Amino acid sequence: MKEVRATRVSGAPPKRLTERVAVVTGAASGLGRAYAARLSAEGAHVCIADIADASETVRLVEDAGGSGWCADCDVSSQDSVGKFAAQVHDRHGRCDILVNNAGIYPVVPFEDTSFEIWRRVIAINLDGTFLMCKAFLPGMRERGYGRVVNIATTIPWLTVGDFSAYSASKMGVIGLTRALATEYGTHGVTVNAAAPSLVRTATTEAGPQAEMFDAVAQAQAIKRTQQPVDMVGAIAFLASDDAAFLTGQTIVVDGGLVRL
Ligand code: NAD
């Protein structure tokens, strides 16, 4: 079927994040790279935490006139996150926006999900979100301003198999999001989650998900495969002052497949 563009994916974005300091995890590639590029295009300084080299993302940000840097950081390690947070504070003195995007999503039937796999998925997806929040939320609270955007997934609402650890980790992220929204709501800090569907990234293209692109697209109201750029408007909105009265929510951005 012919793919139809039903969303705005080009043109200059608004400048809602001028001089904001934004931390984006897992932005060496895929969705995180797109988030970093959009936050930068809206005026934010971007600080990238990734175990992979994110200098290509920094180059893209700088070529587009923005500013950013990256550091080697394993979000599942308290020590590594602590060192990264110290760099952010040394360079900028604060973090205004935190996008917890780093994640892994191995496709494994439950019976083949060893405790090691389970622990690894929970460590990166859920512990990583916890550790980054621990590192940056106290400063946001002190300054009375902050935007946290945690990346979830639509999988828990679908009958998709072989994602037990992943699905559990992301529901944990949603639970943490709701809890933190309550605790920080009176301190100028909002905490939300954004849930993409199946997005075409290098990782999904190389995995078993690639066989699902067409079927998922056909099940959506908007019948084309989701691209990273389809997520960026929602992320920038949640990171902006336009979303000041929105907290504790999970925003589904999936072409109309899941309806919460
Ligand atoms: P990706 O594999 O392209 O990128 C993930 C990034 O996270 C990589 O740069 C990787 O190096 C980094 N990373 C992995 N482990 C890390 C660690 N311990 N510390 C720091 N960085 C680490 O993945 P993607 O497809 O862009 O997905 C990004 C996020 O979006 C993930 O949280 C994923 O669960 C979520 N998501 C993706 C899809 C999809 O279809 N692609 C759908 C729903 C949700």
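The values are calculated or read from the model by the stated rules, or taken from the named source; none is laboratory data. Please read these numbers as outputs of a predicted model, since none were measured by experiment. Side chains included, ligands, DNA and RNA excluded: accessible areas come from the protein's heavy atoms. Shrake-Rupley method; radii C 1.70, N 1.55, O 1.52, S 1.80 Å.
How high is the relative contact order of the chain, in percent, counting Cα pairs under 8 Å that sit 6 or more residues apart? Please list the in-between numbers first.
On the way: 519 pairs, mean separation 49.1, N = 260.
Value for the chain: 19 percent.
Normalized C-alpha radius of gyration of region 23-119, against 2.2 N^0.38 Å?
1.18
Over region 21-253, with the other protein chains present, what is the accessible area per residue in square angstrom, probe 1.4 angstrom?
So region 21-253 comes to 42 Å² accessible per residue, rounded to a whole number.
Connecting C-alpha atoms closer than 10 Å in a GNM of the chain, tell me which of Ala41, Ala52, Ala152 has the biggest fluctuation.
It is Ala52.
Mind checking which of Ile97, Ile222, Ile122 has the largest fluctuation in a GNM of the chain, springs on alpha carbons under 10 Å?
Of Ile97, Ile222, Ile122, the Gaussian network model singles out Ile222 as fluctuating most.
Report, to the nearest whole %, how much of the accessible area of the chain belongs to carbon and sulfur atoms, 1.4 Å probe, protein only. Spell out each step's value before the answer.
Working: 6460 of 11990 Å².
Using a 1.4 Å probe with all protein chains present, the chain comes out at 54 percent carbon and sulfur.
Using Cα pairs closer than 8 Å and at least 6 residues apart in sequence, work out the relative contact order for region 23-71, in percent.
Relative contact order of region 23-71: 39 percent.
So what's the Cα pair-distance distribution over region 21-253, bin width 5 Å, in %?
The percentages, shortest bin first, are 1, 7, 15, 19, 21, 17, 11, 6, 2, 0.
Ignoring everything but the protein chains, give the 1.4 Å probe accessible area of Lys15 in square angstrom, nearest 10.
Here the residue's solvent-accessible area equals roughly 140 Å².
Largest first, how would Arg119, Arg178, Arg224, Arg16 line up by accessible area (1.4 Å probe)?
Arg178, Arg119, Arg16, Arg224
Of all alpha-carbon pairs in region 91-200, indicate the percentage at a distance above 23 angstrom.
Working: 1933 of 5995 pairs.
Above the 23 Å cut-off, region 91-200 has 32 percent of its Cα pairs.
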